[in-house]
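Data block below; observations after.
The values are calculated or read from the model by the stated rules, or taken from the named source; none is laboratory data. Quick caveat: nothing in here was measured; it's all calculated off a predicted structure. Glycine gets a Cβ as well: all are built from the backbone with ideal geometry, and neighbour counts include every protein chain shown. For the accessible areas, the whole protein counts, side chains as well, though only heavy atoms, and no ligand, DNA or RNA atoms are used. Shrake-Rupley method; radii C 1.70, N 1.55, O 1.52, S 1.80 Å.
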Amino acid sequence: MTVQPTPNHPPFHLAFPVHDLAAARRFYGDLLGCAEGRSAPEWVDFNFYGHQIVAHLAPSECSPSQSPAATSTVDDHQVPVRHFGAVLGMASWQALADRLQAAGVHFIIAPHIRFQGEVGEQATMFFLDPSGNAIEFKAFADMASLFAKQALKRQPRPLPDRARPVCAAGRLRSR
């Protein structure tokens with residue numbers, strides 16, 4: 001999985017704790033197919049779909065055998081509040097779901113279609129890495145619906161101009 005960032009989509013960086021770097025290498029490298037980058041005795045970089053994720057050895061910060069502490073209800077499922085992941089094309093998502101199922105990965109939320117028939121319909125799945133970090137992979141049949149909004153029942157009142165935030169040189173400021 002060699003994906004390169006583009007100027008329009010710069011890579012993000014995410015660091016997270018793991019209890020065992022060898023287990024992280026097997027999970028992210030072997031199972032998920034993330035190429036390994038630089039490493040040291042306390043951390044290892046992975047190319048996560050063109051983004052840099054870094055597994056830091058911090059066993060006291062991990063709960064490998066526990067469910068996520070905080071969840072939120074989304075489409076009748078308890079979604080781990082703290083999670084990260086990637087949005088894939090539908091064929092890639094299905095191939096990954098098949099590979100994870102064949103490997104016997106335990107899903108917090110099994111692969112399924114969420115918001116079926118609604119704006120934002122998507123395939124999704126949640127599982128934990130060996131250190132208890134929650135991961136979501138999702139896919140859209142129509143990638144244009146990634147940020148689509150559903151019609152609001154009641155339109156919110158617009159803010160007065162002086163209260164609207166504006167972006168200037170990458171910073172938000174009030175008018």
Which residue pairs have Cβ atoms under 7 Å apart, sit 6 or more places apart or on different chains, and have a first residue in the range 62-86 that is surrounded by 14 or more Cβ atoms within 10 Å (Cβ to Cβ) and a second that is of a type in the set (Phe, Trp, Tyr) and not in a strand (DSSP E or B)? 75/115; 86/49
Looking only at the range 104-122, which residues are touching a residue at least 40 places away in the same chain (Cβ under 8 Å) and in a loop (DSSP other than H, G, I, E, B)? 105, 115
How many of the residues in the range 104-139 are at positive phi and more than 15 Å from the chain's Cα centre (by Cα)? 4
Residues that are at pLDDT 50 or above, of a type in the set (A, V, I, L, M, F, W, C) and within 30 Å of residue 113 (Cβ to Cβ): find the strands (runs of 3 or more DSSP E) completely inside the range 123-175 holding 2 or more of those. 134-139
Return the only residue of 57, 31 being within 19 Å of residue 108 (Cα to Cα), among the aliphatic types (A, V, I, L, M) and either in contact (Cβ under 8 Å) with a residue 40 or more places away in the chain or open to solvent by 70 Å² or more (accessible area, probe 1.4 Å) (or both). 31
